[in-house]
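Scroll down for the structure; my scribbles are underneath it.
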Amino acid sequence: GLKKITSKNKKGKRGNGGGKDDVEEVEIEAEEVEIDEEEDEEKEANEELAKDEEENSRSVEERGDEDMEEEEEEEDEEEEEQKFKALALRTALQSTDRRLPWEETFTIVPPTPLPFGQTDTAGARKRKRDSVDDENEQEVDNVVDIHDDLKREVAFHDCALEAVHLARVKCIKAGIPFTRPEDFFAEMVKTDEHMAKIKDRLIFDTKRMEAVERRKSNREQTVMAKERHAHRLAEKAKAKKAHMSAVEDWKKSAASGRKNLGGRVTDMEEEEERLRGLGSAQNKKRMASNKKYGFGGKRGRFKQNDKKTLDDMSKFNPRGGFGGIGQKTTMMKGGGAGKKRPGKRARDSARSK
């Protein structure tokens with residue numbers, strides 16, 4: 001539109017000789033046209049944005065509806081699958097049933113089912129939503145996770161206990177004894193030798209654990225005894241140090257007291273020295289005995305020579321004190337050589353006579 005207006009403006013200039021009024025009018029009309037075009041563009045842009053927002057909102061709603069529909073479909077599929085499994089199990093049981101009496105089969109099916117199921121499945125989520133109390137707004141979840149070992153075993157125990165109670169009632173009605181008689185002998189599954197080995201192993205493990213505990217307690221007692229001994233030594237040293245400091249203080253106070261009293265108070269050490277001096281003097285009774293009886297002579301060391309005995313050669317015999325050279329003689333009282341002593345055999349024969 002702007003190009004058409006400018007072309008018309010050029011033609012008007014050529015035809016009218018370029019009047020100023022016509023030029024101004026043409027410029028005003030061009031500006032108005034530009035403003036109108038801008039407004040039209042803004043309207044178009046706003047309309048496009050509104051359309052995009054509507055499409056986005058519709059897509060979000062459609063996606064939410066689709067997700068809800070998918071969840072519901074999954075839940076329905078799981079329920080149908082569970083129903084199918086239950087029906088298949090019931091059919092299998094009916095096909096294997098030979099119409100035998102209960103006393104022949106002892107089949108017990110507890111009425112309480114096992115509360116198994118994973119908590120993150122769609123069926124569990126639906127059961128949670130169905131079990132919500134509107135008044136208290138609290139969820140009641142009785143589903144046990146199959147991966148929880150403790151809860152799984154407890155569920156098995158409860159189911160078996162319920163079946164046992166039902167079986168007891170039926171056995172009593174049918175007159176079937178189920179208690180063990182007093183004289184019943186049940187052979188052990190494991191032999192006595194095997195059980196003896198297990199017992200020995202348990203005893204060995206128990207003794208080993210006791211020995212470990214004993215050694216541990218002995219170590220602890222040793223450490224505690226060392227600590228107590230060190231504590232006693234420290235206390236003893238501390239008491240000794242305090243005692244010596246008290247004695248030094250007493251000595252200082254006693255010396256200052258003697259100075260103040262002009263020497264009229266004696267010290268204990270001086271008194272002990274005086275008493276030792278008195279005891280060093282000889283006893284009069286001992287002195288009298290020594291004078292009367294002497295000292296009793298020398299004791300021991302008899303064969304030691306002095307200078308006088310060493311120089312005395314009067315009793316020296318170069319022949320060794322024998323009568324003849326090379327012959328040993330017996331010196332008798334009367335002097336001269338005596339008889340030769342008989343041999344041992346002669347002496348023995350003389351004694352036997």
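Readers should treat all values here as calculations from the given coordinates under stated rules, not as data from a laboratory. Just so you know, these numbers come straight off a predicted model, no measurement behind them. Neighbour counts are summed over all protein chains in view; Cβ atoms, including those assigned to glycine, are modelled from backbone coordinates with ideal geometry.
Here are the numbers for the structure shown:
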| quantity | calculated |
| --- | --- |
| Per-peptide average of other Cβ atoms within 10 Å, ordering 145-158, 181-194, 227-240 highest first | 145-158, 227-240, 181-194 |
| Packing-based ranking, highest mean first, of 105-111, 174-180 given that Cβ atoms within 10 Å are counted | 105-111, 174-180 |
